[in-house]
Each structure stands twice: as C-alpha cells, then as structure tokens.
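The values are calculated or read from the model by the stated rules, or taken from the named source; none is laboratory data. Predicted, not measured: the structure shown is a model, and the values here were computed from it. In this analysis, Cβ positions are derived from the backbone assuming ideal geometry, glycine residues included, and neighbour counts consider all displayed protein chains. Just the protein is used for accessible areas: all its heavy atoms, side chains included, with ligands, DNA and RNA removed. Shrake-Rupley method; radii C 1.70, N 1.55, O 1.52, S 1.80 Å.
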Amino acid sequence: MNSIKETIYMIDAFLLQKQFGTLVIEDRQAFLQLPVGELITLNESNLIEVINDGEYYPITYEEAVNTISTDGWSLFAGLDCRVKI
C-alpha cells in the first residue's frame, strides 16, 4: 500500500476514534498490529472493519478467527483494518 493511502486510512480511523492496523490471526486469536509494531489483543466486543479494494467491510470477531480457506489459512489475516477498541 502506498504511504498516502495508508495516511488517509490512519487519519480516517483517528477521526472515528478507531485504531488502524493489520489484522493478525494466530492460534484462533485475533490481534491488531499497529503501524509501530505493537499488537493489540482483540475480542468479541471489538468492531472490526477490514479494507478490501478501498472499501470497509464489517466482520465479527468470530468471522475473523473462523473464516479459513480450503488450504487452512485465515482469509482475513494480513488485511488492513480499523477497529473500535
């Protein structure tokens, strides 16, 4: 992702009082990795919106940790997202 687009996403998240980062799924647990590298543990109460083709799509925590591809990988892991913490 280019830096201008990422900066816009970060400002957008800040204005909406959300955190911007990358969705990390490990051992059936979801985390938000901030651009500075810090990991925030997520849970069922967090509102998660993943970015795909420049659009935000809301997903539940359960969808984030349980949506798996046919080859066993999380479909949402690695996507940029914003989260209401």
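Ser69 meets each of the listed conditions (1) out of contact with any strand residue (DSSP E or B) (no Cβ under 9 Å at 6 or more places or on another chain); (2) open to solvent by 50 Å² or more (accessible area, probe 1.4 Å) apart from (2).
In region 29-44 there is no residue that is polar (S, T, N, Q) and without any contact (Cβ under 8 Å) to a residue 12 or more places away in the chain.
Within region 11-23, residues that are closer than 12 Å to Cys81 by Cα reach partners that are open to solvent by 80 Å² or more (accessible area, probe 1.4 Å) and in a strand (DSSP E or B) with beta carbons closer than 8 Å, at six or more positions or on different chains, in the pairs Lys18/Leu47. Across region 1-47, which residue is nearest to Tyr61 (Cα to Cα) among those that are open to solvent by 90 Å² or more (accessible area, probe 1.4 Å) and acidic (Asp, Glu)? Filtering region 1-47 for residues that are open to solvent by 90 Å² or more (accessible area, probe 1.4 Å) and acidic (Asp, Glu), the one nearest to Tyr61 (Cα to Cα) comes out as Glu44.
If you go through region 50-85 and keep only what is without any contact (Cβ under 8 Å) to a residue 24 or more places away in the chain, hydroxyl-bearing (Ser, Thr, Tyr) and more than 15 Å from Arg28 (Cα to Cα), you end up with Tyr57, Thr70.
From the residues in region 34-70 that are of a type in the set (S, T, N, Q) and in a strand (DSSP E or B), which one is farthest from Thr7 (Cα to Cα)?
Thr41
Does region 46-68 contain any residue that is touching a Gly at 6+ places or on another chain (Cβ under 8 Å) and not aliphatic (A, V, I, L, M)? Within region 46-68, not a single residue is touching a Gly at 6+ places or on another chain (Cβ under 8 Å) and not aliphatic (A, V, I, L, M).
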